[in-house]
Every structure is written in structure tokens, then in C-alpha cells.
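The values are calculated or read from the model by the stated rules, or taken from the named source; none is laboratory data. Given the structure is predicted, the values throughout are model-derived calculations rather than measurements. Here the Cβ positions follow ideal geometry from the backbone for every residue, glycine too, while neighbour counts run over all protein chains shown.
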Amino acid sequence: MIEIIFQNIGDAKRFHHFLQMSLISSDLRNHDILLFEDQHKVSVKMERINQEHMSLVKKSFYHFIIEIKQNDWFRMILEDHYYYKDPEEQEQILDIIQSILEGNRIDLVNLIDDLEQDQRLEEVIDQMFNENVSFSFDSFVRFRMRPFMDQLEKYVEISIDEYKMEQDYQMFIQTLRDFLTGRKSKFSHLHLLMNDEVCFYDDQFYEIKRADLFKMIDRKLLSNHPVYVDSVTIAPLLSIAPSVIYLYTDDLEQPLVRTIRNIFEERVVVKSMNSFYENVPLNTYTADEKM
């Protein structure tokens, strides 16, 4: 027999249901997985357990923690340690956490000290079940899972920093969109070549020299946003305010490309680098530019 004692009835019921679903293909029946409740605690008991069942129970216990409890703990850390109580804010931060856990944010994954925490959790669970036929879930979390919980706090900390940066970025983008609103276009459309450096071309594919671009920059833009606005690319684009920007790039994930698309939205038409050289008249660029 195995008995797991819970202080929280909701945890006990969720684990009981999760266990039943996980073991549905085994020869353990619902009457072998029992839920007992008294005034102070709730127990999940599993009777007629053999070695095969034990392995399934361990796996179920691990997935219960990862798939159900982990998000509970992330929310608890957000509320109790960082005072993020708004559900919408929590969801946005949890989305960042999930993207880190799935390995989709390499820049943030590199900030995590221990990337083998799942394996360590499996080892701790295995040890716990081998040592005990009866144990408290809450004590297990408090004492055996301390390194795991510390790591969850690290995920939350990193994700909050990223969330704040993204919020600042969105405010920055909105400020520049507001600057653009109602501004008269100096060119109906502009060609922007994102190569080793950013090159501007007019509607006839003649390059606009850097000195000419600098003269077009609205000085109010730089004085109001001196730190944030890129005077080489973003400031000229905002000052010219073209109706259409043909943006030539082979790297859509480049930060500057993303920023231009976010600011100018439907005004941006993305094209490949090859399409620029296929369409531009031969006498309007040098061999060095094509390289």
C-alpha cells in the first residue's frame, strides 16, 4: 500500500483524479485508489501495489507536480513574493515562463543555472517512494523539493524582468506610433535595404545619402526621445513617414526589423534581399553594395 497525505483537499482531489486518469490502462481499478478525508487531512491510498504499479504511480506523481502544481507555485511566487495579483499580468508572465521551459527563449534559458531540474525531481521522487510507503505531500515539497522551488523562483525572477522590458518596449512603440499619426509623408514610398548596414533608397531606387537623411530628421523627435530613438534608421523613417516601406531582409527576427514592423505596421512590405537586386536598375547601386 502507498499513502500520500495532503493538507489541502483540492490538491488531494486533483491528484486522486489525475492518478485515476494516468492508471486507466493498468490493472489497477478505481476501488484500489482511495480518497480518505477527515477533519485535518486528506489521504490518497493505493492498495494492491506491485512493482509495475509503483513505477506508474511515481510517473503520475511527477507529472502531477509538473503539469498541475508547478503553475500553482509560479502563481504563488508571483503573488506572495512579487505582488503580481492581477490575473492578466500573471498570465503574461506565465507565458514567458512557459516559453523558457519549452526552450523557445534561448537568451533567457542561458540565464538559468540548473537546466536538469526535471531529472533531479525524478530522482527525489524515486528516493521518496523507495523510503516511504506513507508520506506527507506538503512536507515532501517543503524539505525534499527546496532546490526545485528555488529554481522556480529563478524562472519567475527572470520572466518578470523580461515582462517589464517588454512592457517598456510596447510603451516605446506606442509613443512612436503616436508621433507618426497625422504626420505628412515626405515620400510616398521608400526602399529600405537591411544588409550589413541599413541603406535608404527613394522610389527610383536611388540611394539617399546619410547626410541628406540627417537633414530630414525632425529635431523634436530626438530631443523628446534622445535615449530610445535610433538616429541612423528609426529617426529618419519617422521623420520621412513614408506611406509604404519596402523592407528587404532575409532575417525577420532581427530586432531592428521587428521594431520597424511594429511601429509602421501595415505600411511595411517585407521582401527578400534577392528581390531588391532583381528589381533595382543596374545603374543605381555599386558592385560593393550588391556584395
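Could you please find all residues in segment 261-291 being in a helix (DSSP H, G or I), of a type in the set (D, E, K, R), modelled with pLDDT of 60 or more and surrounded by 12 or more Cβ atoms within 10 Å (Cβ to Cβ)? Give the derivation first.
Start the filter on segment 261-291 by keeping residues that are in a helix (DSSP H, G or I), which leaves 261-267, 273-279, 282-284, 287-290.
If we keep only those that are of a type in the set (D, E, K, R) too, we end up with 261, 265-267, 278, 288-290.
Filter once more, keeping what is modelled with pLDDT of 60 or more: 261, 265-267, 278.
Matches in segment 261-291: ARG261, ARG267.
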**Asked** In segment 236-258, which residues are in a loop (DSSP other than H, G, I, E, B) and at negative phi?
**Response** PRO242, SER243, THR249, ASP250, ASP251, LEU252, GLU253, GLN254
**Asked** Among (1) out of contact with any Ser or Thr (no Cβ under 6 Å at 6 or more places or on another chain); (2) among the hydroxyl-bearing types (Ser, Thr, Tyr); (3) farther than 30 Å from LYS58 by Cα, which single condition is SER185 missing?
**Response** (1)
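When you look at ARG210, is it touching a residue at least 40 places away in the same chain (Cβ under 8 Å) and more than 30 Å from ASN110 (Cβ to Cβ), yes or no? Lay out the reasoning, then the answer.
On the way: touching a residue at least 40 places away in the same chain (Cβ under 8 Å): no; more than 30 Å from ASN110 (Cβ to Cβ): yes.
Judged against the criteria, ARG210 is not a match.
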**Item:** Residue in segment 165-216 that is surrounded by the fewest Cβ atoms within 10 Å (Cβ to Cβ), counting only those that are under 15 Å from ARG261 (Cα atoms) and of a type in the set (Phe, Trp, Tyr)
**Value:** TYR169
**Prompt:** Any idea which of (1) closer than 23 Å to TYR62 by Cβ; (2) modelled with pLDDT of 90 or more; (3) assigned to a helix (DSSP H, G or I); (4) more than 16 Å from the chain's Cα centre (by Cα) is the one ARG120 doesn't satisfy?
**Reply:** (2)
**Item:** Failed item, numbered, when LEU108 is tested on (1) more than 16 Å from LYS164 (Cα to Cα); (2) under 19 Å from the mean Cα position of the chain (by Cα)
**Value:** (1)
**Request:** Specify which of the listed residues (LYS154, LYS164) is over 14 Å from the mean Cα position of the chain (by Cα), part of a helix (DSSP H, G or I), among the basic types (Lys, Arg) and not assigned by TED's automatic domain parsing to the domain that holds THR259.
**Result:** LYS154
**Prompt:** Within segment 123-136, is even one residue among the hydroxyl-bearing types (Ser, Thr, Tyr) and either at pLDDT 95 or above or more than 20 Å from the chain's Cα centre (by Cα) (or both)?
**Reply:** yes
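Conditions (1) free of Cβ contacts under 8 Å to residues at least 60 places away in the same chain; (2) surrounded by 12 or more Cβ atoms within 10 Å (Cβ to Cβ), marked per residue:
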position	(1), (2)
VAL44	yes, yes
GLN51	yes, no
MET54	no, yes
TYR62	no, yes
ILE66	yes, yes
ILE77	no, yes
ASP80	yes, no
TYR84	no, yes
GLU89	no, yes
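Looking only at residues in segment 72-99 that are closer than 19 Å to LEU111 by Cβ and outside any helix (DSSP H, G or I), which one is nearest to the chain's Cα centre (by Cα)? It would help to see each step written out before you state the result.
Let us first name the residues in segment 72-99 that are closer than 19 Å to LEU111 by Cβ, namely 74, 77-78, 81-82, 92-99.
Subset that is outside any helix (DSSP H, G or I): 81-82.
Values: HIS81: 20, TYR82: 18 Å.
If we take residues in segment 72-99 being closer than 19 Å to LEU111 by Cβ and outside any helix (DSSP H, G or I), then TYR82 is nearest to the chain's Cα centre (by Cα).
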